[in-house]
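Report on the following structure.
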Amino acid sequence: METVGFIGLGNMGAGMAANIQKADYPMVVYDIRPEATRAFVDHGARRATSAAEVASQCDVTFTSLPGPAEVEAIAIGPGGVLEGIKPGAIYVDLSTSRPTLIREIEPQFRAKGAHVLDAPVSGGKTGAASGNLAVMVGGDRAVYERIKPLLDSFGDKVFYAGAIGAGAVCKLVHNMIGHGIRQAIAEGLTLGVKAGVDAETVWECVRRGSNGRMRYLHESIPRHVFRNDYDSPSFMLALARKDISLATELGREFDVPMPVANISEQIILEALNMGLDEKDSSATFLVQEKMAGVEVRADHVDPVKAGKFITTHPDAE
């Protein structure tokens, strides 16, 4: 069984490291706060005095750190993981960090005969403690497969994202979408309350409706966007324009700032100007693709399987 090093025993790291230890992997731990290592040492782990010392004793070394500056310092700075890592060993960064950074770090480890994976996680402090984490892994697939059982010890949704940096890209995209959805919900709830409906009722409407079941994500994107097929609409773009314009009109009536809704309306208007009135409302993706200079396609995704719990398009309710 691999000896596992863990550096960074904060809110996320402590939970993940505890689950690795529960899986009976021998461990070496390090944190800038010595007291953070105490519980692990009490259960048999060895305490190191530097990141380099951890890496020198371990087959796999994890870091869970606040951000890119800390990752760079601990990975390749003085006394860092690179300084101590052995040929054939694996360095895995679990932090939410910059894809460019891990792509710059990886060749330096490769030059020493070591391997690097980026594997940011999603699930929060509670998920880290319970093992209910998504783990998004970038790097050499053979290396990923080699340590998959170790990753499974602290994550219940571990998946391979692609080449080095792909995990970090997926995590940033995931969080960006989450923040956008959160802002849209904030706009909707403040509008509903200011327009005279109590918060609990508005929330129940959102939760019990198709948005609460994320039907759009599960059905419409695989069916329309991935296949570039916006015919046979579940809900026409012209009707979506009507709905969003009524919502922004209500926001103006009650003086509710709604930046996400206003931007959404402008994007719909641009799509209408492209002659997409009778296409599925997902055709707004074509506007974004045009602006971004890239197409989002995945012909192999089966929309039936992707939406096996889905019965209607979100806009249809």
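All of the numbers you see were taken from the coordinates with simple rules; none came from a lab. Keep in mind the model is a prediction, meaning the values are calculated, not measured. Note that each Cβ is placed from the backbone with ideal geometry, even for glycine, and that neighbours are counted across all protein chains shown.
Some observations on this one:
- Computing FRET efficiency as 1/(1 + (r/R0)^6) for K148 and I267, where r is the C-beta to C-beta distance and R0 is 51 Å, gives about 0.80.
- Among 220-230, 286-296, the order from most to least packed when residues are scored by Cβ within 10 Å on average: 220-230, 286-296
- Where labels lie 7 Å past Cα in the beta-carbon direction, separation of E204 and A39 in nm: 3.9
- In nm, spacing of pseudo-spin labels at D255 and I177 (7 Å Cα→C-beta vector): 3.7
- The peptide list 128-134, 192-198, put in order of mean Cβ contacts within 10 Å with the highest first, becomes 128-134, 192-198.
- Scanning the chain for long hydrophobic helices, with DSSP H runs required to stretch 20 angstrom or more by C-alpha along their axis and to average at least 0.5 on the Kyte-Doolittle scale, returns 166-194, 259-273.
- Sorted peptide list for 269-279, 76-86, 3-13, criterion being average Cβ within 10 angstrom, highest first: 3-13, 76-86, 269-279
- Within the chain, percent of DSSP bridges classed antiparallel, to nearest 5: 15
- Ordered by the number of other Cβ atoms lying within 10 Å of each residue's own Cβ, fewest first, T190, T61 fall into the sequence T190, T61.
- Virtual spin-label span in nm between R110 and A184, 7 Å along Cα→Cβ: 3.8
- Length available on full extension from N11 to E289: 0.36 nm per residue minus the Cα-Cα distance, which gives 96.3 nm.
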